[in-house]
Amino acid sequence: MIKKTIVALDQMSKDEINNLMPTLKPFEIFKLGLEVFNAYGKDLVHDFSTQYQKKIFLDLKLHDIPKTVERAIASLHGLDIQYLTIHLSGGENMIQSAMNARDRFLPSTKILGVSYLTSLGKNDFKEIYNLEAEQIEEQFFRIFRLAAKCQLDGLISSAHEISIIKKVESLTNHQFLKVTPAIRMPGFSQMHDQQRVMTPRDAFSQGSDLIVMGRSITQSKDIGSVIDYLSKNIS
């Protein structure tokens, strides 16, 4: 069983997911994102969990006023979700509301905080936040420190920021589950909409606990070889 790689089932229909799942049987954790959730709703999450008996990473990236995030999490009550994402940029009150709602309605779920989307590059940080390249690391440090203050379960960030997370962990004595998207197989040259990318082996060498892979697996012409690579190297 491949336990450290989360397969992202994004940009897919329900039929495409069902057709692909027999091939993906060795994987333990699957990401259901905003697109499929908006298309099929809570029924897809329930049916997926019941049919395949796999762990679910529900990637909704909740980001709104605290009460709305609280109610959004409450609406998921009864679903078997192992991981749920929120945006850290929602601020301390929103994060605390999410954690409180989790305790009440999804007690077995880990809340993971998204720092900054891996589609953002240096130009985006300048345009959106007026940050120069040398200021970006400090911004990550500040938002990770906020997550530690709120005792968040884990963080979603590219492997390039793992060293900053470790620094915050050492200063706050709070350990995060470190989940890394923007992972590409060696030789997979297509960037798509990701900027801060890394290979699976390199991500784990940096200190990732779990990696998220989508098209490198689901659009591979030889999924079996990808499974073989992950099983032998970093399962």
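The values are calculated or read from the model by the stated rules, or taken from the named source; none is laboratory data. The structure displayed is predicted, hence computed values, not measured ones. Cβ: placed from backbone, ideal geometry, glycine included. Neighbour counts: every protein chain shown.
Worth pointing out:
- Among the residues of segment 28-41, the ones that are part of a strand (DSSP E or B) and either free of Cβ contacts under 8 Å to residues at least 40 places away in the same chain or surrounded by fewer than 17 Cβ atoms within 10 Å (Cβ to Cβ) (or both) come to 4 in all.
- Just one of the listed residues (Leu44, Leu84) is under 26 Å from Arg145 (Cα atoms), touching a strand residue (DSSP E or B) at 6+ places or on another chain (Cβ under 8 Å) and either part of a loop (DSSP other than H, G, I, E, B) or not acidic (Asp, Glu) (or both), namely Leu84.
- Residue in segment 88-119 that is modelled with the lowest pLDDT, counting only those that are touching a helix residue (DSSP H, G or I) at 6+ places or on another chain (Cβ under 8 Å) and within 22 Å of His160 (Cα to Cα): Tyr116
- Test: residue in segment 93-106 that is over 11 Å from Leu62 (Cβ atoms) and touching a Phe, Trp or Tyr at 6+ places or on another chain (Cβ under 8 Å): no
- Among the residues of segment 166-188, those that are over 24 Å from Phe30 (Cα atoms) and touching a residue at least 24 places away in the same chain (Cβ under 8 Å) comprise Lys166, Lys167, Val168, Leu171, Thr172, His174.
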